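Colleague: Dropping the structure in here first, questions after.
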Amino acid sequence: ESTLISHLLGDRAFSYLIKDFFREIDSAVSHHGGTIYQYAGDEMLIHWPSSSTKYYEEALNAFEELSASLVSKETKYKKLYGLSPRFKAALHSGKVVVTWVGQSKKEILYQGEVLNVTARITELAKRTGYSLVVSQAFFDGLGLRNKALKYAGNFPVRGLETRLPLYGYTSLSKQKNRWFEVESSQN
């Protein structure tokens with residue numbers, strides 16, 4: 001979808017849209033203890049610092065805050081860009097190796113299967129009809145059964161031999177449900 005939007009808006013306007021949208025995400029993520037690790041085109045990788053139940057909940061809270069922010073600014077986005085941003089996201093949990101790489105351009109690099117699987121789960125979000133999907137590992141990390149998470153099914157994940165159980169996130173707020181209905185009707 002972003003390729004089509006970029007074509008319709010043009011490079012400059014699309015760049016401003018992404019910048020505004022990333023600012024919304026950054027605000028929600030930092031407010032809930034996460035940090036943005038990397039920007040990749042119209043995507044970003046975000047991490048929370050530990051595997052305590054608190055940070056699993058904070059990740060969901062960040063998603064809720066971002067969703068509410070987009071609903072409240074829908075008119076602004078439509079006025080500026082002729083559309084309101086929509087997104088798909090995935091949450092997964094696992095070990096990450098952090099290392100320095102490079103000689104002439106040094107960079108901290110996060111590596112591990114968890115990053116690859118999260119990218120694949122994000123691709124699967126489009127097939128589930130949910131704006132946010134979480135893996136079994138993330139679901140288990142919550143330490144309780146969250147009523148906003150619904151079993152979405154077992155999905156084959158490229159690169160894994162077994163199918164991965166995924167859960168879709170459904171907002172508990174009526175206002176936010178309106179946003180999800182708009183999102184899911186576009187799939």
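The values are calculated or read from the model by the stated rules, or taken from the named source; none is laboratory data. Because the structure is a prediction, the values reported are computed rather than measured. Cβ coordinates were reconstructed from backbone atoms using ideal geometry, including for glycine residues, and neighbour counts include every protein chain displayed. For the accessible areas, the whole protein counts, side chains as well, though only heavy atoms, and no ligand, DNA or RNA atoms are used. Shrake-Rupley method; radii C 1.70, N 1.55, O 1.52, S 1.80 Å.
Colleague: Got the relative contact order for region 75-121 handy, in percent, Cα pairs under 8 Å and 6 or more residues apart?
Modeller: It comes to 31 percent, rounded to a whole number.
Colleague: Tell me the mean residue ellipticity at 222 nm calculated for the chain from its helices only (DSSP H runs of n ≥ 4, each -39500 (n - 2.57), averaged over every residue, nearest 500).
Modeller: Only helices count here, giving -15500 deg cm²/dmol.
Colleague: I need the peptides 78-90, 115-127 ranked by packing, meaning the mean over residues of other C-beta atoms within 10 angstrom, with the highest value on top.
Modeller: Highest-to-lowest ranking by the protection proxy: 115-127, 78-90.
Colleague: Report the full-extension gain for the segment residue 61 to residue 4: residue separation times 0.36 nm, less the Cα-Cα distance, to one decimal in nm.
Modeller: 17.5 nm
Colleague: Here's something else I'd like to know. Please state the charge dipole magnitude for region 81-160, taken about the Cα centre, from unit charges on C-beta atoms (+1 on K and R, -1 on D and E), reported in debye and rounded to the nearest 20.
Modeller: 240
Colleague: Further, regarding this structure: Consider the candidate values (i) 1.41; (ii) 1.04; (iii) 1.75; state which one is Cα Rg over 2.2 N^0.38 Å computed from the structure displayed.
Modeller: Recomputing Cα Rg over 2.2 N^0.38 Å here gives the entry labelled (ii).
Colleague: Moving on to the next point. So how do 104, 93, 72, 50 rank on accessible area, 1.4 Å probe, biggest first, that is with the largest at the start?
Modeller: If we order 104, 93, 72, 50 from most to least accessible, we get 104, 72, 50, 93.
Colleague: Test of understanding: what is the full-extension gain from residue 116 to residue 38, defined as 0.36 nm times their sequence separation minus their Cα-Cα distance?
Modeller: 26.7 nm
Colleague: Please state the relative contact order of the chain as a whole percent: Cα pairs under 8 Å, 6+ residues apart?
Modeller: 16
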